[in-house]
Amino acid sequence: MNAADVREVNFDGLVGPTHNYSGLAHGNVASMSHGGLVSNPREGALQGLAKMKSLMDAGYAQGVLPPQQRPDIGALRELGFSGSDGEVLARAAKEAPQLLRAVCSASSMWTANAGTVTPSVDASDGRVHFTPANLQSSFHRYLEPQTTGRVLAAMFKHDDHFAHHPVLPATPAFSDEGAANHTRLCGAYGEPGVHLFVYGRQAFGGDGIEPKRYPARQTLEASQAVARQHGLTDDQTVFAQQHPGAIDAGVFHNDVIAVGNGPVLLYHAKAFRDEEGTLDELRAKMATPLIPVRVPEEAVSLEDAVGSYLFNSQLLSNPDGSMTLVVPGECQENEAVWRTIQDLLIAGANPINEVLVKDVKQSMRNGGGPACLRLRVALSDAERAAVTGRVLLNDGLYGDLTAWVERHYRDRLAVEDLADPQLAVETLTALDELTRILEIGSVYPFQLD
């Protein structure tokens, strides 16, 4: 493989037709604080597509991942609700409204949680490796991995190029949140990299120093298991504990407090429990010198980091060696954060020399910025050619997807609307058409049944 042929493709999740504000995510301050608001699924989906299109137009490789089948009426039936689909929804709305909200969650749009990916350049068998995240820490996300696995297998199905691993056991000991807690650091994308896995707690052993207010969603044991599945060695991995104080401040994933790209690690001073130890181990294992970009707490407080999602931004490489930071509009609205972006980042001694501001407000209100919306997959020319379906964004696909959203999505969705049986009909109709647009075959339960 020619290292110069490898490019990073950002696969963004399409915002689903049931995008709503149910406030399901404990520990996600934005999700909890916006619970009960009326959402606009059409606007959310179009905002996500606009971000994809603007990055594609700027020369970055962009892909698309479809949403989950929602409402998941099958999950309600497994939990004892019976009758017609309408009767199941009505009974759930009356007897267990929280369950109904969970099975209508559109949180799969944050594909940073979809799984963990190891590029072929780092794998001993020369293939790209995928492990869907079990997301067992919350019921509404626990419902996702089986469909996620089918989608990834449908898109990356050639065995010569791609390897798919089973989801880890859905138990607290192996709680796995995917690439939201994983960063690959390297020189160029086609050069060997070091994988930084960040965890919140240790299931077996450990010293017991963990967050007290909010749950730690990733375990060390889960991160180690994924690394083993992908054949990564000790020399290729660093396992670091997230700062417990950050989790208690609402930093539920590492990608809310740190973002890496190439040799650059942009992070908050409270990102890691052992900051210096983490940096020293990265320096020792990386072939390319690490470029740490530290944001001190005096410049950006944890509260401002969580409120603006500065670190949940996309950090993208440019052909000239510079980098572009893609931030949500909330960063521009926060004086301390915006000043830090201008003074410390763009004017600082690091490759970041451009900032792009994107409106993803529908996503942000549920606690997901630009980085949450994408799964990063480094692919060679041959691997990109082997991707199945029509999932790599171009002008034609963008046009088809925006027209699809306009046809099928509501512009208003309140929590009480989730019991509407017509919403379920609309969603299945939309998803069936989407699989034809994307040419990925039957991946949803209703198609397989």
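The values are calculated or read from the model by the stated rules, or taken from the named source; none is laboratory data. Being a predicted model, the structure only gives us computed values, none of them experimental. Neighbour counts run over all protein chains shown; Cβ positions are idealised from the backbone, glycine included. What goes into the accessible areas is simple: the full protein's heavy atoms, side chains included, and nothing from ligands, DNA or RNA. Shrake-Rupley method; radii C 1.70, N 1.55, O 1.52, S 1.80 Å.
Before moving on, here are some points about what is shown:
- GNM result for the chain, Cα springs below 10 Å: residue of 327, 259, 238 fluctuating most strongly: 238
- Å² per residue, accessible surface of the stretch 312-449 at 1.4 Å: 40 Å²
- Within the same chain, aspartates and glutamates fewer than 8 places from residue 358 are excluded, and of the rest, those with a Cα less than 15 Å from its Cα are 12, 43, 57, 330, 333.
- Dipole magnitude for the stretch 209-252: about 220 debye, using +1 per Lys or Arg Cβ and -1 per Asp or Glu Cβ, origin at the Cα centre.
- Annotation: the antiparallel percentage among DSSP beta bridges lying fully within the chain is about 50.
- For the stretch 285-334: rounded, prolate or oblate by the Cα gyration tensor [a/c cutoff 1.5]: oblate
- Directionally averaged shadow of the chain, computed from the convex hull of its alpha-carbon atoms, nm²: 19.4 nm²
- Alpha carbon centroid spacing (whole Å) that separates the stretch 176-208 from the stretch 346-399: 20 Å
- Carbon/sulfur fraction of accessible area - the chain, other protein chains in place, 1.4 Å, %: 49 percent
- Our coupling estimate for the stretch 406-421, obtained by passing each phi through the Karplus curve with A = 6.51, B = -1.76, C = 1.60 and θ = phi - 60°, is 4, 6, 10, 9, 7, 9, 7, 9, 9, 4, 5, 6, 5, 7, 5, x Hz, Gly and Pro reported as x.
- Across the chain, the longest run free of exposed loop sites, meaning trypsin sites (Lys or Arg not before Pro) lying outside DSSP classes H, G, I, E and B with no more than 13 other Cβ atoms within 10 Å, spans 1-211.
- If only the Cβ of Lys and Arg carry +1 and only the Cβ of Asp and Glu carry -1, the dipole of the chain around its Cα centre is close to 520 debye.
- Sequence-distant lysines (8 or more away, or on other chains) whose Cα lies within less than 23 Å of residue 270: 212, 285
- Once backbone amide H atoms are built at 1.01 Å from N, residue 352 has 323 as its partners under 5 Å, excluding neighbours fewer than 5 places away on the same chain.
- The longest stretch of the chain left intact once loop-based GluC sites (Glu not before Pro) with at most 16 other Cβ atoms within 10 Å are removed from consideration, loops following DSSP, is 1-296.
- Remark: the stretch 69-207 carries 36 Å² of accessible area per residue (probe radius 1.4 Å; ligands, DNA and RNA excluded).
- Antiparallel DSSP beta bridges within the stretch 301-449, as percent of all bridges there, nearest 5: 40 percent
- Amide H contacts of residue 313 (H built 1.01 Å from N, under 5 Å, at least 5 apart or other chain): 371
- Using alpha-carbon coordinates, inclination of helix 85-95 to the longest axis of the chain, degrees: 70 degrees
- Here the contact order of the stretch 72-208, divided by its residue count and restricted to Cα pairs under 8 Å and six or more residues apart, works out to 20 percent.
- Backbone geometry of the stretch 43-60 corresponds, through the Karplus equation with coefficients 6.51, -1.76 and 1.60 at θ = phi - 60°, to 3J(HN,Hα) couplings of 4, x, 5, 5, 4, x, 5, 5, 5, 4, 5, 5, 6, 4, 5, 7, x, 8 Hz, x marking Gly and Pro.
- Summarising the amide proton neighbourhood of residue 128: residues at separation of 5 or more, or on other chains, whose placed amide H is nearer than 5 Å comprise 120, 162, 163.
- The chain: relative contact order as a whole-number percent, Cα under 8 Å and 6+ apart: 23 percent
- From phi via Karplus (6.51, -1.76, 1.60), per-residue ³J(HN,Hα) for the stretch 298-310 in Hz, x at Gly/Pro: 5, 7, 9, 6, 4, 4, 5, 4, 6, x, 9, 6, 3
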